[in-house]
Amino acid sequence: VCVVSGANKGIGYEVVRQLAACQGVVVVLTARDEKRGRDATSQLHHLGFSNVLFHQLDVLDPFSIQSLANFIDNRFGRLDILVNNAGASGAVVDEEALKSLNIDPTTWVSWLRLFLSLICSHNQKSQHLSNGLVVFVQLSGKAVNKIQCAIKFTYEKAEECLNTNYYGAKRLTETLLPLLKLSPQGGRIVNVSSLRSELKRIPSEEIRNELGDVETLTEEKVDALLTKFLVDFKQNTLEANGWTLMLPAYSISKVTLNAYTRILAKKYPKMYINCVHPGFVNTDINWHTGTMTVEEGAAGPVKLALLPNGGPTGCYFDQTEVADF
């Protein structure tokens, strides 16, 4: 029995589809929007996947999470796999600013694709712009300036991002842990992360060390760091205090999700708990600028969901391969 959050579209939907294709697996597709979730489930039923069920889930709402837990308990009595996929970008495209720039859609997408693919790249060659965003030298200043005018990082969006990507995943996991512990083979938890989660992308050595030392890492330390991040965000002191300025809230939400993965894996050694960067996949969260298909992006999460006994735990995967945190 498997639960996938944020599964009415994109990587989550494809993870559901691939898991449902496995013999003996029942998948509970969850989504915040009931109509979209039911439509996605109906689509899978039309494809022949009658083993997919729908249940509404808003990871920001404790009552919604408890309702899902009650459903799983009453229907199955246990949970074997949890894929934490629901996510928020922490950014918003200013449609009015975009219109005022008079950029045609094709040019906008090509600029944005280059911008996002470069800041989400393995390559570290970069230059700093006056407002702290970092891009590679190949991207023209004109394109960068226009993109920065149209993409906004607000405090409200930062809060929403942390509450969804970190606290939402944590809240859902904690509520479902009693059911995961009942899995006869040891429950599997897969946290869908990002390349932006890698510790080397945080400028501050102190923050890197605090989040990277698994022996002293605690949930309380993570919470304290996130509180400090929001204070610094509000006071416009992110750069001064060593936080990344590239997709700041999204990046730190995924860094801390990785940290939570390691904390959980240490706490529950009989379970298989990992996080995974699925790749730069063409989905809503990057405004469909990704270069990989959802089929390719789902490969890592599905692999970790179906890990055999004795497989890795407490690890970070770059797509389907173990990588350094």
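The values are calculated or read from the model by the stated rules, or taken from the named source; none is laboratory data. Nothing here was measured: the structure is a model prediction, and the numbers come from that model. Don't worry about glycine lacking a Cβ; one is built from the backbone with ideal geometry, like all the others, and counts go over all protein chains shown.
A few comments on the model shown:
- Cβ-Cβ distances below 6 Å connect the following pairs, each with a first residue in the stretch 67-83 that is of a type in the set (Lys, Arg), a second residue that is in a helix (DSSP H, G or I), and a separation of six or more residues or different chains: Arg78/Leu179.
- Test result for Leu257, of a type in the set (A, V, I, L, M) and surrounded by fewer than 20 Cβ atoms within 10 Å (Cβ to Cβ): no
- Considering each residue of the stretch 229-238 in turn, at least one proves to be assigned by TED's automatic domain parsing to the domain that holds Cys275 and under 20 Å from the mean Cα position of the chain (by Cα).
- The residue that is surrounded by the fewest Cβ atoms within 10 Å (Cβ to Cβ), counting only those in the stretch 1-21 that are of a type outside the set (A, V, I, L, M, F, W, C) and over 13 Å from the mean Cα position of the chain (by Cα), is Lys9.
- When the residues of the stretch 143-199 are filtered to those that are in a helix (DSSP H, G or I) and small (Gly, Ala, Ser), the one that is modelled with the lowest pLDDT is Ala143.
So that you can scan it fast, the table gives a plain yes or no per residue for (1) farther than 28 Å from His55 by Cβ; (2) not acidic (Asp, Glu):
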position: Lys157; (1), (2): no, yes
position: Ala169; (1), (2): no, yes
position: Glu174; (1), (2): no, no
position: Leu179; (1), (2): no, yes
position: Val190; (1), (2): no, yes
position: Leu199; (1), (2): yes, yes
position: Glu205; (1), (2): yes, no
position: Thr216; (1), (2): yes, yes
position: Glu219; (1), (2): no, no
